[in-house]
Amino acid sequence: MKKNNNKSGRSLLLQNKHKSSLPSRNAIVVKSNALVEASFDLTVQQLRLVHWLVRVVQENDEDYKYYEIDVPLFLEYLQLKGSNSARERIREVTKQLQERTILLRRGDEEWEQFSWLRYSRIVKRDNRLVLRLSINPEMIPYITNLKSAFTKVPFYMMPAFKTRYSWRFYEWFKQFADTGWFIITVDDLRSRLRFGEQEYARFNNLRQKVITPALKEVNEVSDLDVALVAMERKGRSIHMLKFKITEKTAHVIPMRDGDLDEHNLIIQRLVSYGMPSKEASKNIKKFYEHDREHLLNCLADVERKIEERFEFQDGNPLIWLRYILSNDQRSQPTLFAHTNSAPKMSREKSDALKAKLKQRRDAQQRHDYLNDLSNKAHRDFRKKREAHMAEQITEIPEDVRTAWVKNLKSEIASALAPFVREPDIWSHPIFTRETDQFLAEHGLPVFTSAEHFASIGFDDEHTKAEMKRLEELIN
């Protein structure tokens, strides 16, 4: 465990980076398949809370930290309703989440069990209520630094689901969307949803109350089309279920209650970055009629920066959003922002502006292409390096390997070391350098990134320089 070097007496919270707004609608939540397949029973509000926490941990890439969100934004995201006060409703959700456990099975005899939430508190700051949360550190290996066996889901999708079973099914389907099929035994399904022995004991009841409604909602609100196409029997009982998964070619983000027009959609986007509803409504009145393009461009700019992991002041995109809304960064009118009273642009100036816009579009396309190419090259390198390490390690006697692993964990004394299982050490990014040294000491070849990129004719440094130049051109 890390030692506490906080000698100044300041609270740990003041030393941490917080997240006081919701992630971008383009954000992706990544979970280990072991977590997706685990056995637990949460309400839809608790699932939304876990979903948000996992994403902010991934965005900050830090464990054992506190994260914050404004209470009004939290209530809207969780869609909490009831007669109790906001603080009571939040206390109920967080208290229940701290008490509930998740069970991960590791074979016929081994299992692992822990709670979801470590800490929750409501504090008052600058005349506003803020919810402070901390995820259980036991979850960290299942949501960060994942290199394989993981499932990705869009962050924005979670609020569209109204029932907990639908969301669990959706995550399972996303896990196997690339194969087009999801196969599961009835016993495994019941275990994952943590049903009691007598709960939905008859399959017809399980299908009518759980499976059919879940499929209906997944097909209605998600980016997948799923159908139950086969049921295999064992004796007289249904034993195995087979689902056909098809990804939709076009998917429209489902609208929640009250999403009647573009005004409300823009207000929701402003609120999602922590802006109070009253302020969001004022900005709609101020900008929508005479400069709607500026309002949408500001939102797009914030979303792009979040996706690119831009370092906002205090980690809060709302500060930047307010700044660019009140300080128009456009050096000249766009082709779409002229009014009848504006002077007519000259032919030469119009052609020059069109050429500049085309140059930016071309630069963006080249940047995206190079980015995809670079990401693929790095993924291929990691896969080949893992395969190389796994092959070379077998050349070293088992007793020597075991002694090295034990010594390595003892030397590193890292908070993550206990969570890294022995077979993973040879390819885990934390231990890559040590593994390479271990191979070299025994006269075995080391597979380097330079060797990989040279073999595929890919100059990594040149590509980084080119992407930097294109980013400057785009901006």
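Key figures for this structure:
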item	result
Test: Phe195 is without any contact (Cβ under 8 Å) to a residue 60 or more places away in the chain and out of contact with any strand residue (DSSP E or B) (no Cβ under 6 Å at 6 or more places or on another chain)	yes
Meets criteria (of a type in the set (Asp, Glu), at pLDDT 70 or above and either touching a Lys or Arg at 6+ places or on another chain (Cβ under 6 Å) or in the same structural domain as Ser222 (by TED's automatic domain parsing) (or both)) for Glu279	no
Arg89 closer than 28 Å to Arg304 by Cβ and either part of a loop (DSSP other than H, G, I, E, B) or at pLDDT 65 or above (or both)	no
In the range 170-192, residue surrounded by the fewest Cβ atoms within 10 Å (Cβ to Cβ) [restricted to those that are among the basic types (Lys, Arg) and without any contact (Cβ under 8 Å) to a residue 60 or more places away in the chain]	Arg190
Any hit, the range 410-418, residues being of a type in the set (Ser, Thr, Tyr) and either at pLDDT 80 or above or touching a strand residue (DSSP E or B) at 6+ places or on another chain (Cβ under 8 Å) (or both)	no
In the range 231-249, the residues that are farther than 23 Å from Tyr156 by Cα and either of a type in the set (D, E, K, R) or surrounded by 12 or more Cβ atoms within 10 Å (Cβ to Cβ) (or both)	Met231, Glu232, Arg233, Lys234, Arg236, Ile238, His239, Met240, Leu241, Lys242, Phe243, Lys244
Residue match in the range 436-443 (condition: surrounded by 13 or more Cβ atoms within 10 Å (Cβ to Cβ), of a type in the set (Phe, Trp, Tyr) and modelled with pLDDT of 80 or more)	yes
Qualifying residue in the range 125-147 (condition: touching a Lys or Arg at 6+ places or on another chain (Cβ under 6 Å) and either outside the structural domain of Glu37 (by TED's automatic domain parsing) or surrounded by fewer than 16 Cβ atoms within 10 Å (Cβ to Cβ) (or both))	no
Near pairs, Cβ below 9 angstrom, 6+ apart or cross-chain, from the range 13-40 (over 25 Å from Ile183 (Cβ atoms) and assigned to a loop (DSSP other than H, G, I, E, B)) to any residue that is at pLDDT 75 or above and of a type in the set (Asp, Glu)	His18/Glu68; Lys19/Glu68; Ser20/Glu68; Ser20/Asp70; Ser21/Asp70
Unmet requirement for Trp167, which otherwise passes all of (1) in a helix (DSSP H, G or I); (2) surrounded by fewer than 16 Cβ atoms within 10 Å (Cβ to Cβ); (3) under 23 Å from the mean Cα position of the chain (by Cα)	(2)
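The values are calculated or read from the model by the stated rules, or taken from the named source; none is laboratory data. If you're wondering where the values come from, they're calculated on a predicted model, not measured in any experiment. Every residue, glycine as well, gets a Cβ built from its backbone with ideal geometry; the counts of neighbours run over all protein chains shown.
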